[in-house]
Amino acid sequence: MATIAADAGAVRIAGANNAARAAGVDPGLSLTDARAVVPSLKVVEADPAADRACLDAMLTWARRYAPWLAVEGSDERGGAGLWLDITGCAHLFGGEQALLEDFAARLSRLGFSSRLGLADTPGAAWAAARCLASAETPACVPEGEQRTHLATLPTTALRLSTRTLETLNRLGVRTLADLLVLPRAPLTRRFGREVCLRLDQLLGRVDEPLSPEMERLPYVARINFAEPIGRTEDVEAALRDLLDSLCVRLEKDRKGIRQLVFEVFRVDNTAKRIAVGTGQAVRRPEHLFRLFREKLDGLDAGFGIEFLMLTVTATDPMESEQERIITGAESKAVIASQSGRDLALLIDRLESRLGSGRVVRPQRRAIHIPERAVGFIPALGRVNQTALPGDAREAALLHSDFGRMRPGARPIHLLPKPEAVDPMPVHASASPTRLMPLPGFSWRRQTYPLTAAEGPERIAGAWWRGALPSDRSKEEHSYFTLCEDGGAVREYWRVESESGARFWLFYLPFPLLPGGTGRQSRWFLHGLFA
Amino acid sequence: MHGVSETSPKLEALRARIQKIEGLPRGAEAVLPFDLSDIDHALPWGGLPLACLHHVVGEDDALGARGFAPSAVTFVAALTARLKDRGTVLWCLPRYKAADTLYGPALDMLGLSEEAVVLARAKDETEALWAMEEGLCCPDVCAVIGSLASPLSLTAERRLQLAAERGGTTGFLLQPGLAAASASAAVTRWRVGSAPSAVPLWPGLGQTRWTLTLDRCRQGTPHSWIVEWCDETCTFRLAAPLCDRSLDPSPSPITAQQRTGPLRAVA
């Protein structure tokens, strides 16, 4: 099996496993050639990112041996690897040889084949791992003996570029011993500093520092108590400390908290978990503390709390900011940059206590049917980003002059579902001069005689959304569903009762169900005006 | 009594001290005028004082019993719409049935555009009160409206009043039904109910009318007005019977009549 990568127009072998190498497939060979050698060669696309991720994971694992670690990037000559500076660490594992064996054994148990080299200098270790060691036996170069041990190695043991290696090869310089006897001045003139530098690095004449990968610690803070605590005040004080320490670290890394989990571990080995989320990245300890305080109220300490742990589970990049509001002579710019932030924090707090989806903004939808004309979006979402779906054809109308409603044409309260009302019988003496669709109605066991009315405003359903499904036959809720699906026409009236209260009534000019049975009111109350 | 003149510095200092204790704002920017001289004069501050708590009760008896107070809601929404340049309006709704029927397009028509309002739907009144208090302390919020079904305890009202003073935010407590007049920490208490509108000169409905009662007012006296609400301009004006008799009738129908006069004569 081999991995392939496209290189300057040709597909070449990037890496090969032992079986492939044994059959003669070496990295650098073109895929066509490799197929000619081993027709049954299985190839997969090389994935440098995954390789790197794997090496990073391995680096984290290798921290058990030494604290000073680095990943060596992949290149065309020897593939990637890990550097471990085990200075002062070997005795913990019973000596260098024992450490190497332990390392190899653990790696093979994890399913990796490895070649390990150990020497005084990184260069020598690199050479030993690539040219001396095998998968079974790690190579250990004794202290101060690079010259004697490594002299027989080929020049490929030096980290030189392919071109330099080819030239050396043509000149007949095959081993390090050949190179070591050559005078340095002509070498430098011929190849630049490269060859001498690598030799010196191998022999330890030049220092080669490793730039270690710093350990990326998760954002976790923890407090242990010598004596179990139980008072909420103590927990709050500890939580403040934890938040402070985390926020300082996040500030350094330019990150803000989006999600945070607070865990309370009690002495009886039970734990309580409190999670909070924020709408924006936050790094203010007092704000985060307030989010928790709402939830700490009912905290049951049981037999006492042993330790507390605070874990950041989601972060967002966040630039450093002015952490304190300037008081006194505030400049307008400062206020402008900060306005809205307090609101965002307030919304976070409200959401954390009231529950998600409880803090909303109303938003118009491009739908003309009254009960569907407004929807709710989360209060922190940007209006443009979370525009509610509507009818594209109505959207244009809504924003035009034509679609603008007359002020006062819509009620302040809209009943979630229109309620059927009983119309009062028409009197013979009703004034013919006033425009009155009905003399009065009763709703929720209260009669409202009417004195004035205005209308009708005819609102048809969205008829273009298709015909009514024929299986709708329940009279009780049909008017609602019918209108949504594009059927019923409603005639809306604004009416005023004797006491001055105003109502939004509608009348169904066409009976919903032609063959409907029983007395079905065709008047409905839909809203209340001021 | 006569020994102390009205402008005595001692008296002025005392007044200022009382004002400070009462925690009421001074100065024109801390007041929302109604732009109606009658009402503004009835209020000792020349308008509705900001950064304190106001109590608005619905007076529609039949509707109030069903949890609705459309006039009071509109009154409060119209007042806060004038404040919205100063920040967001937080509307706290406990989850009782009638509260959650606020209709967005109508708020929009009152001048409370959708971006200006944040609705907080609370589980119960305790949560709603908590949300109100949090909102009152937030500098980005200009007004907090709490729709409540039942009257509050004096302590709860006091807490809200203190929060409003601290945060510089105006709070409105909205209640559908009229509870028995009790002690209150709010600076003013209003009763708003619908009143029969004047018969217009055209077919249809006349301008909406409310009975607006200033029930309680710190340092002030109760008053009652009938105001007319104008949908087009989102403003109040005093209804005709309370104004001077010289209130002009709406001019448009008259000009129409005048125009038809000569035409008929020609025919």
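Has the stretch A:213-223 got at least one residue that is among the small types (Gly, Ala, Ser) and outside any strand (DSSP E or B)? No, the conditions are met nowhere in the stretch A:213-223. Which residues, taken from the stretch A:24-35, are surrounded by 14 or more Cβ atoms within 10 Å (Cβ to Cβ) and touching a helix residue (DSSP H, G or I) at 6+ places or on another chain (Cβ under 7 Å)? Once the filter is applied, which keeps residues that are surrounded by 14 or more Cβ atoms within 10 Å (Cβ to Cβ) and touching a helix residue (DSSP H, G or I) at 6+ places or on another chain (Cβ under 7 Å), the stretch A:24-35 yields only A:Val25.
Return the total of residues in the stretch B:37-60 being away from every other protein chain (no Cβ under 14 Å) and in a loop (DSSP other than H, G, I, E, B). Spell out the reasoning first.
Keep residues of the stretch B:37-60 that are away from every other protein chain (no Cβ under 14 Å), which gives B:37-55, B:57.
Pick out the ones that are also in a loop (DSSP other than H, G, I, E, B) and you get B:43-47, B:50-52.
Result for the stretch B:37-60: 8.
No other residue among B:Leu107, B:Leu63, B:Leu112, B:Leu119 is closer than 18 Å to A:Val374 by Cβ, in a helix (DSSP H, G or I) and in contact (Cβ under 8 Å) with a residue 24 or more places away in the chain apart from B:Leu107.
Taking the stretch A:78-102 on its own, how many of its residues are of a type in the set (Phe, Trp, Tyr) and either under 30 Å from A:Thr162 (Cα atoms) or not assigned by TED's automatic domain parsing to the domain that holds A:Ala133 (or both)? Write out each step before concluding.
Narrowing the stretch A:78-102 to residues of a type in the set (Phe, Trp, Tyr): A:83, A:93.
Still in the running and either under 30 Å from A:Thr162 (Cα atoms) or not assigned by TED's automatic domain parsing to the domain that holds A:Ala133 (or both): A:83.
Residues meeting the conditions: 1.
Every condition in (1) at pLDDT 80 or above; (2) touching a Phe, Trp or Tyr at 6+ places or on another chain (Cβ under 9 Å); (3) within 14 Å of chain B (Cβ to nearest Cβ) holds for A:Leu388 except the one numbered (1).
Could you go through the stretch A:469-483 and let me know if any residue there is outside the structural domain of A:Glu371 (by TED's automatic domain parsing), modelled with pLDDT of 85 or more, of a type outside the set (S, T, N, Q) and outside any helix (DSSP H, G or I). There is no residue in the stretch A:469-483 that is outside the structural domain of A:Glu371 (by TED's automatic domain parsing), modelled with pLDDT of 85 or more, of a type outside the set (S, T, N, Q) and outside any helix (DSSP H, G or I).
Regarding A:Glu208, is this residue part of a strand (DSSP E or B) and either at negative phi or among the aromatic types (Phe, Trp, Tyr) (or both)?
Details: part of a strand (DSSP E or B): no; either at negative phi or among the aromatic types (Phe, Trp, Tyr) (or both): yes.
So A:Glu208 does not fit the description; no.
Here B:Leu107 meets the list (1) modelled with pLDDT of 90 or more; (2) facing chain A (nearest Cβ under 9 Å) almost entirely, failing just condition (1).
Residues in the stretch B:89-97 include at least one that is more than 10 Å from chain A (Cβ to nearest Cβ), within 18 Å of the chain's Cα centre (by Cα) and not hydroxyl-bearing (Ser, Thr, Tyr). Criterion applied to A:Ser352, A:Ser442, A:Ser356 was being hydroxyl-bearing (Ser, Thr, Tyr), at pLDDT 80 or above and under 44 Å from the mean Cα position of the chain (by Cα), and the one residue passing it is A:Ser352.
Counting only strands (runs of 3 or more DSSP E) that sit completely within the stretch A:1-90, those holding 3 or more residues that are closer than 22 Å to A:Asp120 by Cβ correspond to A:68-72, A:81-85. The residue list A:Asp102, A:Asp120 contains one member that is closer than 14 Å to A:Gly204 by Cα, among the acidic types (Asp, Glu) and surrounded by fewer than 20 Cβ atoms within 10 Å (Cβ to Cβ), which is A:Asp120. Within the stretch A:150-183, the residues that satisfy the criterion of being of a type in the set (Gly, Ala, Ser) and outside any helix (DSSP H, G or I) are A:Ala151, A:Ser161, A:Gly172.
Answer yes or no as to whether A:Leu210 is under 23 Å from A:Gln146 (Cα atoms), within 39 Å of the chain's Cα centre (by Cα) and aliphatic (A, V, I, L, M).
On the way: under 23 Å from A:Gln146 (Cα atoms): yes; within 39 Å of the chain's Cα centre (by Cα): yes; aliphatic (A, V, I, L, M): yes.
Criteria met by A:Leu210.
Kindly indicate whether A:Phe262 is modelled with pLDDT of 85 or more, more than 20 Å from A:Val359 (Cβ to Cβ), in a strand (DSSP E or B) and hydrophobic (A, V, I, L, M, F, W, C). When the stated conditions are applied, A:Phe262 passes them.
Right, B:Phe75: within 20 Å of the chain's Cα centre (by Cα), part of a helix (DSSP H, G or I), among the aromatic types (Phe, Trp, Tyr) and facing chain A (nearest Cβ under 9 Å) or not? For B:Phe75, the condition - within 20 Å of the chain's Cα centre (by Cα), part of a helix (DSSP H, G or I), among the aromatic types (Phe, Trp, Tyr) and facing chain A (nearest Cβ under 9 Å) - is met. If you take the residues in the stretch B:126-162 that are surrounded by fewer than 20 Cβ atoms within 10 Å (Cβ to Cβ) and either in contact with a Gly (Cβ under 9 Å, 6 or more places away or on another chain) or closer than 16 Å to B:Leu174 by Cβ (or both), which one is farthest from the other protein chains (Cβ to nearest Cβ)? This residue is B:Pro151.
Note on the stretch A:186-219: residues that are more than 25 Å from A:Ile86 (Cα to Cα) and surrounded by fewer than 13 Cβ atoms within 10 Å (Cβ to Cβ) total 4.
Table: residues versus (1) away from every other protein chain (no Cβ under 12 Å); (2) surrounded by 17 or more Cβ atoms within 10 Å (Cβ to Cβ); (3) touching a residue at least 40 places away in the same chain (Cβ under 8 Å).
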| position | (1), (2), (3) |
| --- | --- |
| B:Trp190 | yes, yes, yes |
| B:Gln207 | no, yes, no |
| B:Thr213 | yes, yes, yes |
| B:Arg216 | yes, yes, yes |
| B:Thr233 | no, no, no |
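Could you tell me which of the residues A:Arg266, A:Arg273, A:Arg222 is in contact with a strand residue (DSSP E or B) (Cβ under 6 Å, 6 or more places away or on another chain) and surrounded by 17 or more Cβ atoms within 10 Å (Cβ to Cβ)?
Numbers: A:Arg273 fails: surrounded by 17 or more Cβ atoms within 10 Å (Cβ to Cβ); A:Arg222 fails: surrounded by 17 or more Cβ atoms within 10 Å (Cβ to Cβ).
It is A:Arg266.
The values are calculated or read from the model by the stated rules, or taken from the named source; none is laboratory data. All figures in this text were calculated on a predicted structure; none of them were measured in a lab. We place every Cβ from the backbone using ideal geometry, glycine too, and count neighbours over all the protein chains shown.
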